[in-house]
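Read through the structure below, which is laid out as structure tokens, and then see the notes.
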Amino acid sequence: INLSLGSNISDLALSSELTYAKSKGVYVIAAAGNNGKIDNADYPARLSNVDDATTSVAGSTFGIGSIDKFDKLSSFTAKGDGLIAFAPGEQIYSFYPNGKMAYATGTSFAAPMVSGAFALAASELPNKTDRSKIGRVFQDALEDTRIYERFYKDAPSNTQWLYGKGVLDVQRMILNLPAWTFPPSVSQGNLVSDPGFETADASKWALKDADFVQINARTGVYAVKFSATASQFVEGKVVGLKPNTVYTLLGWFKSNIPNASICLAAYDFTLTPVVANSSYQCEKSQTYRLLAVRFATDANRTGVSFYISYDGRFQPANTVFPETYVDDFMVLETPNK
């Protein structure tokens, strides 16, 4: 349900309806308001009750603020209690009375961006159990965005709650849905041999403190499980790529320790695999999460090595190392826009 409306006064009837919607597993997306003030989000956005990973109740209310096309906070957007995320809300081309189209601005136009993303996610999931996880996936997909980095991580501890968790990322949200897979037309373009380890053929992969297992697979039967050590990784290679072409590398992982950083990297296998010569991304997740990086070939280098590993560089001494599962690598040619 999208609610592009708001008031600075709480309404008991509306609050009751939100509670009822939550009990039925219905998501409510509400505009945060356009007063530009701190700690002054409108109702019903102020009543946001986001998903708790430990509860079976799926429905939630999400208060949504506005950003501009440069990912900067809109000057008018409300902030504070109830604000969960941001979406584009400035100069949105939309319908206007009398059959016209016009550009409009406000959190009332940011909220439908999120509502549309939830609807798209629901259309990709066939059963009610999976749909109950959409809210959690949405929240996980907000982490480490530019707004999150700029206004949350570096903000004083007593002001972090003012800026929500980040910006809507539709692609990340959809790709991280439970057991989501690419359409056959896309999957057929995958250049990785045995991408889901279904042959359990060790000759195709370099494993360090890792093994093929038949548990906790994201898709199919097999996954790779890392041993609880500091040096765990799985590495693959693709040769014969087109020269001077951009590709996207993807891989999924999950770890049993919340703060364990797991990294995906692509590098030219003729070079020493150091950060300066690689493209990489690191994330943390206890449910299967997508990692994705882009890399480019040139006239002479038409192969790539890639791996997922545990990043233990910043772990304290005597730490408990994570139990990590990896599945479903893909290397896809990236279309020119």
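The values are calculated or read from the model by the stated rules, or taken from the named source; none is laboratory data. Just so it is clear, the structure is predicted and the values come from calculations on it, not from any experiment. Note that each Cβ is placed from the backbone with ideal geometry, even for glycine, and that neighbours are counted across all protein chains shown.
Okay, residues lined up against (1) modelled with pLDDT of 85 or more; (2) touching an Asp or Glu at 6+ places or on another chain (Cβ under 8 Å); (3) crowded, with 18+ Cβ neighbours inside 10 Å; (4) closer than 20 Å to Gln281 by Cα:
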residue: Phe118; (1), (2), (3), (4): yes, no, yes, no
residue: Gly135; (1), (2), (3), (4): yes, yes, yes, no
residue: Asp144; (1), (2), (3), (4): no, yes, no, yes
residue: Tyr163; (1), (2), (3), (4): no, no, yes, no
residue: Val167; (1), (2), (3), (4): yes, yes, yes, yes
residue: Trp180; (1), (2), (3), (4): no, yes, yes, no
residue: Pro183; (1), (2), (3), (4): no, no, no, no
residue: Gly189; (1), (2), (3), (4): yes, yes, no, no
residue: Asp194; (1), (2), (3), (4): yes, yes, no, no
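Thr61 meets all of the listed conditions (1) surrounded by fewer than 20 Cβ atoms within 10 Å (Cβ to Cβ); (2) in contact (Cβ under 8 Å) with a residue 24 or more places away in the chain; (3) in contact with a Lys or Arg (Cβ under 8 Å, 6 or more places away or on another chain); (4) polar (S, T, N, Q) but one, namely (1).
Is one or more of the residues making up segment 48-66 over 29 Å from Asp130 (Cβ atoms) and at pLDDT 85 or above?
Keep residues of segment 48-66 that are over 29 Å from Asp130 (Cβ atoms), which gives 66.
Right, trim to at pLDDT 85 or above and you get 66.
Yes, some residue in segment 48-66 is over 29 Å from Asp130 (Cβ atoms) and at pLDDT 85 or above.
Just checking, does segment 231-241 include any residue being modelled with pLDDT under 85 and either farther than 20 Å from Pro195 by Cβ or not in a strand (DSSP E or B) (or both)? Yes: segment 231-241 contains one or more residues that are modelled with pLDDT under 85 and either farther than 20 Å from Pro195 by Cβ or not in a strand (DSSP E or B) (or both). Listed conditions (1) under 23 Å from the mean Cα position of the chain (by Cα); (2) under 14 Å from Tyr288 (Cβ atoms) are all met by Thr248, apart from (2). Mind checking which residues of segment 255-280 are over 25 Å from Gly220 (Cα atoms), in a strand (DSSP E or B) and modelled with pLDDT of 70 or more? Those that are over 25 Å from Gly220 (Cα atoms), in a strand (DSSP E or B) and modelled with pLDDT of 70 or more: Tyr267, Ser279, Tyr280. Taking the condition of being over 18 Å from the mean Cα position of the chain (by Cα) and buried (at least 24 other Cβ atoms within 10 Å of the Cβ), how many residues in segment 64-78 meet it? Residues that pass the stated criteria total 4. Scanning for something free of Cβ contacts under 8 Å to residues at least 40 places away in the same chain and either within 24 Å of Asp140 (Cβ to Cβ) or touching a Cys at 6+ places or on another chain (Cβ under 7 Å) (or both), does segment 75-85 turn up at least one residue? Scanning segment 75-85, I find no residue that is free of Cβ contacts under 8 Å to residues at least 40 places away in the same chain and either within 24 Å of Asp140 (Cβ to Cβ) or touching a Cys at 6+ places or on another chain (Cβ under 7 Å) (or both), so the answer is no.
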